Protein chains: 2
Amino acid sequence: MDRQQPAQTDQLSPVFAALADPTRRELVARLALGDATVSELAEPHDMSVQAISKHLKVLEASGLVTKTRDAQRRRVHLEAEVFDLMTKWIERYRREAERRYQRLDALLEEMQQIEQPAADSGRQRTGGAA
Amino acid sequence: MDRQQPAQTDQLSPVFAALADPTRRELVARLALGDATVSELAEPHDMSVQAISKHLKVLEASGLVTKTRDAQRRRVHLEAEVFDLMTKWIERYRREAERRYQRLDALLEEMQQIEQPAADSGRQRTGGAA
DNA sequence: CGATTTGTCAACCACTAGGTTGAATAAGTA
DNA sequence: TACTTATTCAACCTAGTGGTTGACAAATCG
């Protein structure tokens with residue numbers, strides 16, 4: 001249970017985790033159309049309001065949505081910021097993966113060479129070099 | 001347990017779920033630099049090789065990586081396609097959220113009006129209208 | 001005030017996730 | 001053939017998730 005990279009910078013895990021659930025993605029999709037109250041969000045989701053409330057809590061904890069009081073109701077609002085965070089992470093590695101994909105053969109050859117650094121080669125490190 | 005939207009189109013959940021784990025994100029980050037074998041990937045992660053193998057299985061199931069045999073080793077390769085899938089989903093709603101954010105005040109006013117449709121108002125629907 | 005609406009909190013339950021260790025498989029090496 | 005390396009499979013454990021129901025809190029309505 002001892003993480004080597006502490007939760008310090010791990011603002012990302014809760015966001016991905018939040019969106020890993022289809023119900024929550026639907027909530028996000030719905031909220032993209034406009035703010036809504038909890039019960040409004042719950043309505044189309046044949047599942048208890050409490051369950052939706054929990055889902056919203058997860059979304060809120062991840063920073064994807066915020067809630068503001070509106071009398072007894074809570075107005076739920078979709079936030080854009082965290083999307084950016086996620087997009088940045090994804091794009092970074094997607095670009096790498098795509099770049100590598102495009103010149104795949106060439107790169108694979110290259111990797112092979114790096115892989116066998118001549119000499120005795122007690123253990124070969126593949127691609128780790130960056 | 002009865003989903004209203006079956007797992008049919010839910011290719012997305014496994015991807016988000018896969019990236020919800022920091023260890024797996026590190027694996028992806030590492031793989032962006034180049035293919036690697038399981039044990040190479042395991043090395044920096046003070047955790048058993050079996051654990052990493054499990055993580056890779058999750059990544060593989062999500063479509064983020066593929067494995068090819070290379071003698072006894074398995075060469076793990078990062079795939080770009082699924083990134084696209086995710087990016088598309090995110091961008092779609094991020095854009096909405098941002099657009100709404102930019103004209104926030106105006107929209108909030110608008111919502112308020114929709115919210116009180118005059119008349120008796122047995123139940124008011126907020127933002128559901130798109 | 002009392003009743004209703006809206007949402008959360010709390011306890012509970014089945015299932016999954018992420019880690020462990022130990023054994024099994026598969027391929028290269030002596 | 002036997003040994004080592006690389007990886008997976010299987011069983012297990014703990015903690016977390018996603019749902020339930022029931023009770024509570026806060027604001028509005030009568």
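Residues of segment A:67-84 include at least one that is under 20 Å from residue B:15 (Cα atoms), modelled with pLDDT of 90 or more and more than 8 Å from chain B (Cβ to nearest Cβ).
Within the set A:60, A:40, A:91, A:98, the sole residue that is at the interface with chain B (Cβ under 8 Å from one of its Cβ atoms), within 13 Å of DNA strand C (Cβ to nearest atom) and part of a helix (DSSP H, G or I) turns out to be A:40.
Filter segment A:26-37 for residues that are closer than 25 Å to residue B:22 by Cα and within 7 Å of chain B (Cβ to nearest Cβ) and give the result. Show your work before the answer.
To start, the set of residues in segment A:26-37 that are closer than 25 Å to residue B:22 by Cα comprises A:26-28.
Within segment A:26-37, just A:28 meets the criteria.
The values are calculated or read from the model by the stated rules, or taken from the named source; none is laboratory data. Bear in mind the structure is a predicted one, so any value in this text is a computation, not a measurement. Heads up, the Cβs are rebuilt from the backbone with ideal geometry, glycines too, and the neighbour counts pull from every protein chain shown.
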